[in-house]
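Data block below; observations after.
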Amino acid sequence: MARMTRENSDINLKGIKNTMLQSVDLTVFARNNALAGTVNEDVAAIPGVGQPNPFFVGGFGTALGQIARHNFPDYGVFVSLNVPLKNRQAQADMTRELLRRRTTDIQIRQQENNIKLEVAQALQNLERAR
């Protein structure tokens, strides 16, 4: 049981150390858009405003066609760098986990010493019984 606790503590320590490290996130995206719709009759009736380009006039089918033909693509790259300066919570977690691991190590040594003592006493009792 104590050895499993120590292994769990080691895993927790690795996780806590990772939270204290720098991290870089890279996101790349590609997206297709459509710019089609119906004509607003109120705007078309204004003098001096011409008729819209027929390429942009249409319904759902026109929009799907524009998406399929990749008429209006968007491409982008995002880079995010995270540098923890003073992660007090992670430092406190690390200290707590180190203390827990030391306590577990002490318990394991105590159990081992108790087993050695019991074996030595059993040998002494066996020698006396002879």
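Each value in this text was obtained by applying a stated rule to the coordinates, not by laboratory testing. All of these numbers come straight from a predicted model, not from anything done at the bench. Note that each Cβ is placed from the backbone with ideal geometry, even for glycine, and that neighbours are counted across all protein chains shown.
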Discussion item. Compute, for the chain, the length of the dipole vector about the Cα centre, with Cβ point charges of +1 (Lys, Arg) and -1 (Asp, Glu) only. Units Debye, rounded to 20.
Written reply: 1060
Worksheet entry | Size of electric dipole in the range 1-59: Cβ of Lys, Arg +1 and of Asp, Glu -1, about Cα centre, debye, nearest 20 | 580
Worksheet item: Relative contact order (percent) for the range 22-83, with alpha-carbon contacts under 8 angstrom and 6 or more residues of separation?
Response: 61
Fill in: Euclidean distance of C-alpha centroids, the range 1-73 and the range 102-120, integer Å
59
Worksheet item: Leaving out same-chain residues fewer than 8 places away, which lysines sit with a Cα under 20 Å from that of K86?
Response: K14, K17
Worksheet item: Dividing the convex hull volume of the alpha carbon atoms of the chain by its residue count, what do you get in Å³ per residue?
Response: 240
Practice prompt. Before anything else, pin down the relative contact order of the chain: Cα pairs under 8 Å, at least 6 apart, normalised by residue count, whole percent.
Written response: 39
Worksheet item: By how many nm would the segment from L26 to E7 lengthen if fully extended, with 0.36 nm per residue of separation less the alpha-carbon distance?
Response: 3.6 nm
Fill in: Around Q89: net Lys/Arg minus Asp/Glu count, Cβ-Cβ under 15 Å
+2
Worksheet, complete the sentence: In terms of the charge dipole of the chain, which places +1 on Lys and Arg and -1 on Asp and Glu at the beta carbon, the residue among A90, L26, L123 farthest towards the positive end is L123
Discussion item. Quick check for you: which residues of the range 83-105 have the amide N under 17 Å from the point 7 Å beyond the Cα of T19 toward its beta carbon?
Written reply: 83-101
Item to complete: Considering the options I108, V39, F60, tell which one lies farthest towards the positive end of the dipole of the chain, charges being +1 on Lys and Arg and -1 on Asp and Glu at the Cβ, about the Cα centre.
Response: I108
